[in-house]
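What follows draws every value from the coordinates through simple rules; no lab data is involved. Worth saying up front: this structure is predicted, and the values here are computed from it rather than measured. All Cβ positions, glycine included, derive from the backbone under ideal geometry; neighbour counts span all protein chains shown.
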Amino acid sequence: MIFFSDFDGTLTLEGRELTKDFFDIIEFIHKKNHELVIVSGRSISWGHFLLTHFPLKACIMEGGGVIVYLDERGEIMEEPLVEVSELDKLRSFTTKLKHHYPHVPLSRDSFGRLTDRAIEFHLMEQSWIEQVMDFMNVEKIHYSKSNVHINFWCGNISKYLGVKHFIERYRPHLLEKDCWFFGDAPNDESMFELFHNSVGVSNIKHCLHRLKHKPRIILEGEENAGPKGVLNFIKTLY
Ligand SMILES: [Mg+2]
């Protein structure tokens, strides 16, 4: 069995805290000889951190833009899932954005991002957020809001496309019934729409009204928020 999971708000609490539940999830899945693949909007360097500190073999980072994995020698490898021309377009748009909005708070890790950039929207007034989003619409730049960032990119990137490519290329023998996904926010919506076994942890209730496509299973109650929900649910499968 393989468990794909969002990170912030799903494996962490309130998008910030790594609790004992996170370590219990890792241990439980590892002991069962199954696999956890984190699918996050965080940067590629977070993928390096996760692979070097936990018993994981692969992560899908930057909202599905890049796969970071260990090869057979244990070396960290990266596979970007967009064309070089899209990366060039992203670079020039970012310059243009900074020209139009010199104070736009790009996340500190944006310099280390490969296939997307991120904005710290919590430092912005709502009207300013809307102006920036309108600007991206006009420039035909894709974006999505997680519970920590507004991420933007060029090319065809989604968590679902990243997971689909990962399964086809790296785990081709997996059966659909043995693959699960956990998430908590609108940037997980492509998975809720297209991935069969999707589960929303209970804190998803805050943004359910904004989702056109909801998870197939929605957990309820404080005891199923974030990593507690993931752990409780995984245990019911055994
Ligand atoms: Mg999240």
ask   = About its Cα centre, what dipole magnitude does region 128-238 give when the only charges are +1 on Lys and Arg Cβ and -1 on Asp and Glu Cβ, stated in debye to the nearest 20?
value = 260
Residue 220-residue 31 pseudo-label distance in nm [points 7 Å out on the Cα-to-Cβ vector] = 3.0
message = Through the Karplus equation 6.51 cos²θ - 1.76 cosθ + 1.60, θ set to phi - 60°, convert the phi angles of region 86-96 into ³J(HN,Hα) values in whole Hz; use x for Gly and Pro.
response = 6, 5, 5, 4, 5, 4, 6, 5, 4, 4, 5
request  = Once you've got the GNM for the chain with C-alpha springs shorter than 10 Å, pick whichever of 85, 198, 190 has the biggest mean-square fluctuation.
outcome  = 85
remark   = For region 84-153, the convex hull over Cα atoms projects on average to an area in nm² of 4.4
query = Using alpha carbon centroids, what distance separates region 137-171 and region 1-77, in Å?
reply = 17
Farthest toward positive dipole pole in region 1-125 [+1 Lys/Arg, -1 Asp/Glu at C-beta], among 55, 118, 39 = 118
note = Taking a ≥ b ≥ c as the square roots of the eigenvalues of the Cα gyration tensor, with a/c under 1.5 meaning rounded and otherwise prolate when a/b exceeds b/c and oblate if not, region 83-238 is oblate
ask   = Here are some pairs, 164/212; 89/205; 57/228; 31/214; which of them have Cα atoms lying more than 28 Å apart in this structure?
value = 89/205; 31/214
message = Can you work out the Karplus-derived ³J(HN,Hα) for every residue in region 44-55? Use 6.51 cos²θ - 1.76 cosθ + 1.60 with θ = phi - 60°, whole Hz, and x for glycine or proline.
response = 4, 5, 5, x, 4, 4, 5, 6, 8, 10, 10, x
remark   = Going residue by residue through region 122-139, the Karplus relation 6.51 cos²θ - 1.76 cosθ + 1.60 with θ = phi - 60° gives ³J(HN,Hα) values, rounded to whole Hz and with x marking Gly or Pro, of 5, 8, 10, 5, 4, 5, 5, 4, 5, 4, 5, 5, 4, 4, 5, 4, 4, 7
inquiry  = Could you work out the relative contact order of region 84-153? I mean the mean sequence separation of Cα pairs under 8 Å and 6+ apart, divided by the number of residues, in percent.
reply    = 29
task = Rank by packing, highest mean first: peptides 214-221, 170-177, with packing defined as the count of other Cβ atoms within 10 Å averaged across residues.
result = 214-221, 170-177
